[in-house]
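**Student:** Got a structure here, written out as structure tokens. Questions coming.
The values are calculated or read from the model by the stated rules, or taken from the named source; none is laboratory data. Only a predicted model underlies this, so the values are computations on that prediction, with no experimental measurement involved. Glycine also receives a Cβ, built like all others from the backbone with ideal geometry; neighbour counts cover every protein chain displayed.
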Amino acid sequence: MKQDWKPGTMIYPVPAVMVSCGSEPSEYNIITVSWVGTICTNPAMCYISIRPGRHSYPILKKNMEFVINLTTREMAYATDWCGVSSGKDYNKFNEMNLTPGKSKLVSAPIIEESPLCIECRVKEVLALGSHDMFIADVVNVQADDAYLDPETGAFDMQRADLLAYSHGKYYGLGELIGKFGWSVKKKK
């Protein structure tokens, strides 16, 4: 038997990413976001949803650029801390010993410790209610060589040990169970 609940956001797990923003070091900030995702493949587009009251919100609105930095099990403490501490009170890069790196095409810094950094330029901001959605073009992706498959050059998500968020808790990703199309692949 199933119970009816009031409408809510129960689509879990989701990525736990650190979004870096700011156009120069004095305004650099990191905000932890789980309302993040892919919108389109071609052109490559994604979104983040941010509450207007967050310290990063006016920085994002002013610069209209950000970087989505994937997080790892090793980055879990910093990921949580950057989500519950405000950039108005702390320099999050300094507090968590994270390194702001140079993006190729946007002014916002990458987080050097992140295995994959997605540089984004905002196309549109939609006011939705509790959060505003920043719809963005992906303009560049920086992948750490340490996580690239030497044979294919593909990013190895399993080796990166990425972090996921599920209803107030952080998890590492589990074991590989299959890959796209494995359910219909002809057996030899």
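Residue-by-condition table, conditions (1) in a loop (DSSP other than H, G, I, E, B); (2) in contact with a Leu (Cβ under 7 Å, 6 or more places away or on another chain); (3) without any contact (Cβ under 8 Å) to a residue 12 or more places away in the chain:
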position	(1), (2), (3)
Asp89	yes, no, yes
Ala108	yes, no, no
Glu113	yes, yes, no
Leu126	no, no, yes
Gly129	yes, no, yes
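Residues checked against (1) more than 30 Å from Lys62 (Cα to Cα); (2) in contact with a helix residue (DSSP H, G or I) (Cβ under 7 Å, 6 or more places away or on another chain):
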| position | (1), (2) |
| --- | --- |
| Val106 | no, no |
| Ile111 | no, no |
| Glu119 | no, no |
| Ser130 | no, no |
| Val141 | no, no |
| Tyr147 | yes, yes |
| Phe155 | yes, yes |
| Gln158 | yes, no |
| Gly174 | yes, no |
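**Student:** Can you name the residue in segment 157-180 that is assigned to a loop (DSSP other than H, G, I, E, B) and at pLDDT 90 or above and, of all such residues, is farthest from the chain's Cα centre (by Cα)?
**Tutor:** Among those residues, the one meeting the criterion is Gly168.
**Student:** A further question follows. Can you tell which of Val36, Val19 is within 23 Å of Asn63 (Cα to Cα) and in contact with a Pro (Cβ under 8 Å, 6 or more places away or on another chain)?
**Tutor:** Unique residue meeting the criteria: Val36.
**Student:** Tell me the residue from Met75, Met1, Met64, Met96 that is surrounded by fewer than 22 Cβ atoms within 10 Å (Cβ to Cβ), closer than 23 Å to Tyr165 by Cβ and not hydroxyl-bearing (Ser, Thr, Tyr), please.
**Tutor:** On inspection, the qualifying residue turns out to be Met96.
**Student:** Collect the residues in segment 131-169 that are small (Gly, Ala, Ser), surrounded by 13 or more Cβ atoms within 10 Å (Cβ to Cβ) and without any contact (Cβ under 8 Å) to a residue 40 or more places away in the chain, keeping them in residue-number order.
**Tutor:** Answer for segment 131-169, where residues must be small (Gly, Ala, Ser), surrounded by 13 or more Cβ atoms within 10 Å (Cβ to Cβ) and without any contact (Cβ under 8 Å) to a residue 40 or more places away in the chain: just Ala143.
**Student:** How many of the residues in segment 58-77 are of a type in the set (A, V, I, L, M, F, W, C), more than 18 Å from Asp144 (Cα to Cα) and either in contact with a Lys or Arg (Cβ under 8 Å, 6 or more places away or on another chain) or in a strand (DSSP E or B) (or both)?
**Tutor:** Adding up the residues that qualify gives 2.
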